[in-house]
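Below is one structure; the comments refer to it alone.
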Amino acid sequence: MTTLTSYLDQHSTSTELNDVITTVTNVGKTISQLLRKGALADILGEAGNQNVQGEDQKKLDVLANDLLLDALAKNTHCAGVASEELDNATPANADGSLLVLFDPLDGSSNIDINMAVGTIFSILPYQRQGQTSENSDFLQAGNQQLAAGYLLYGTSTVLALTITENVVMFSLDPDTGDYVLIEDNVQIDADTSEYAINSSNYRYWRAPMQQYIDELIAGEAGVRGRDFNTRWVAAMVGDVHRILCRGGLFTYPFDTKYAHKAGKLRLMYEANPMSLLIERAGGGATDAVNRILDIEPTDIHQRVPVVLGSKNEVDYVKDLHVNYSEK
């Protein structure tokens, strides 16, 4: 039996990175326990305030954010922490060599209906050791990530992680409290017949994305010549987990619903870590045209369109957009 601790010892040469990953995953155990208690732990419902994104916060949103922030601030290897829920990054230990970004509870609107939610995290190198970290220190392209992963709190708690060139999965054993390795080389099929998208925004999409979904809906009778199925969890962490397990495509494309937002998903907290996982599992991840991991961020709360999953399908979407632009 391979536990997370033994895996990190065997595959990582950085004790600092191992320690920070352990801090995040230990907090995940606490969040998992709170979710299992649900209403008994008084974590359901609204917290009565909004986050920096202007979204109503759930009680567990706030609690998960505080648990992660407090734990990472005490980790001597962590120079700074950035949360999707907070306006600015929080300086931690100036002598630390790592920066951590996280979405404390992706899909938190699912909490009250007992559906899947998760924690997404990204770890970057810190270049100015000995000085207090600032927002600008986090503005690194996703290809600079040293590690990324998520904790999915569902019927079981699963950790997906990448620290090398592959993706591994662990399941939390509720009896021992250990994360136990269940998949040591996750791979995504290049082709798929499943896709995830919020179709209620169809009227706001660009023409090539509308064309793409029209083709999928046409199924066997259309140009694609086969039927497709829609699967939508309404939590990125759940949809990405499904793709890592059995392939598929997930997209939250550019739309014109809100003029000031290029996309719904956050580059630093969601798109970058998920794209690293997807690419290292053999998939693709773009903003419909450009590789997400090559995007140079300009703000820690920057939003981007996202198309990720089975590579041939991601490439097909890119071709539709490129050809439309050329016309």
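Any read-out appearing in this document is the output of simple, stated calculations on the displayed coordinates, not a laboratory observation. Everything numeric in this text was worked out from a predicted model, so none of it was measured. Here the Cβ positions follow ideal geometry from the backbone for every residue, glycine too, while neighbour counts run over all protein chains shown.
Observations
- The calculated FRET efficiency for residue 94 paired with residue 190, based on their beta-carbon distance and R0 = 56 Å, is about 0.80.
- Taking the charge dipole of the range 149-207 about its Cα centre, with +1 at Lys and Arg Cβ atoms and -1 at Asp and Glu Cβ atoms, the residue from 152, 163, 202 reaching farthest to the positive side is 202.
- Size-normalised alpha-carbon gyration radius of the range 213-293, reference 2.2 N^0.38 Å: 1.19
- Magnitude of the charge dipole, the range 4-183, Cβ model with Lys/Arg +1 and Asp/Glu -1, debye to 20: 180 debye
- Residues 279, 215, sorted so that the one with the fewest Cβ neighbours within 10 Å comes first: 215, 279
- Calculated diffusion of the range 172-327, Stokes-Einstein form, Kirkwood radius summed over Cα pairs, 10 °C and 1.306 mPa s, µm²/s: 98 µm²/s
- In the structure shown, the pairs 37/311; 264/318; 29/74; 29/261; 74/261 are assessed against 28 Å; a Cα-Cα span above that value is assigned to 37/311; 29/261; 74/261.
- Within the shell of other residues whose beta carbon sits under 14 angstrom from the beta carbon of residue 131, the net charge comes to -2, with Lys and Arg scored +1 and Asp and Glu -1.
- The residues packed around residue 162, meaning those with a beta-carbon under 11 Å from its beta-carbon, carry a net charge of -1 if Lys and Arg are +1 and Asp and Glu are -1.
- Dimensionless Rg/Rh of the chain - Kirkwood Rh, Rg from C-alpha atoms: 0.96
- Test item: Cα-centred dipole of the range 176-230, Lys/Arg +1 and Asp/Glu -1 on Cβ, debye: 500 debye
- Residue 200-residue 112 FRET efficiency (beta carbon distance; Förster radius 25 Å; 0.05 resolution): 0.80
- With each label modelled as a point 7 angstrom along the Cα→C-beta vector, the residue 13-residue 245 pair spans 3.6 nm.
- Each Lys or Arg adds one and each Asp or Glu subtracts one; over the other residues with Cβ under 10 Å from the Cβ of residue 141, this totals -1.
- Cα-based equivalent ellipsoid, the range 4-183: semi-axes from gyration tensor eigenvalues, Å: 25, 22, 13
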